[in-house]
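Have a look at the structure below before the remarks.
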């Protein structure tokens with residue numbers, strides 16, 4: 001005869017389900033949050049790479065002279081800020097942008113853009129630091 005209608009076995013099954021859920025739910029939640037953090041890191045790295053490349057191309061595409069160098073650097077920084085907008089307020093607040101132009105010889109100069117973006121994950125864990133520095137640099141040679 002089957003014990004499907006026995007009230008004691010139904011209570012035991014409900015109790016087992018509750019215990020299983022209590023064990024599995026935190027593990028599942030932690031796995032989901034870690035996955036989301038890794039996706040956010042990849043997304044931030046992609047946007048920072050795109051911002052550095054766009055700014056370097058913009059800087060290399062514009063001629064400047066000694067008296068217009070500050071304006072040139074400001075334009076390149078504006079391109080970085082515009083490209084980092086998808087990261088939200090975290091993307092533009094603590095970013096360090098370095099823009100340089102170096103004369104290589106009489107015909108060429110090097111436009112260098114470097115961006116350091118401090119990324120903060122959602123959860124603190126032993127294998128993810130509290131803050132990761134995403135650092136990217138792009139150098140483009142330009143004919144003067």
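The values are calculated or read from the model by the stated rules, or taken from the named source; none is laboratory data. This structure is a prediction, so every number in the text was calculated from the model and none was measured. Heads up, the Cβs are rebuilt from the backbone with ideal geometry, glycines too, and the neighbour counts pull from every protein chain shown.
For segment 114-144: of the residues being in a strand (DSSP E or B) and more than 21 Å from the chain's Cα centre (by Cα), which is farthest from residue 30 (Cα to Cα)? Spell out how you get there, then give the answer.
First, pick out the residues of segment 114-144 that are in a strand (DSSP E or B): 114-119, 132-143.
Right, trim to more than 21 Å from the chain's Cα centre (by Cα) and you get 140-143.
On the way: 140: 42, 141: 46, 142: 48, 143: 52 Å.
Looking at residues that are in a strand (DSSP E or B) and more than 21 Å from the chain's Cα centre (by Cα), I get 143.
Look at (1) under 16 Å from residue 44 (Cβ atoms); (2) touching a helix residue (DSSP H, G or I) at 6+ places or on another chain (Cβ under 9 Å) and you find that residue 88 fails only one, number (2).
For the condition exposed (fewer than 12 other Cβ atoms within 10 Å of the Cβ) and touching a residue at least 60 places away in the same chain (Cβ under 8 Å), residue 126 does not qualify. Considering only residues that are at pLDDT 85 or above and farther than 17 Å from residue 139 by Cα, look in segment 57-68 and name the one that is surrounded by the fewest Cβ atoms within 10 Å (Cβ to Cβ). Filtering first and then ranking leaves 67.
Out of 111, 22, 54, one residue alone is in a strand (DSSP E or B) and at pLDDT 85 or above. It is 111.
Which one is nearest to residue 53 (Cα to Cα), of the residues in segment 83-100 that are in contact (Cβ under 8 Å) with a residue 24 or more places away in the chain and surrounded by fewer than 18 Cβ atoms within 10 Å (Cβ to Cβ)? Per the stated criteria, the residue is 86.
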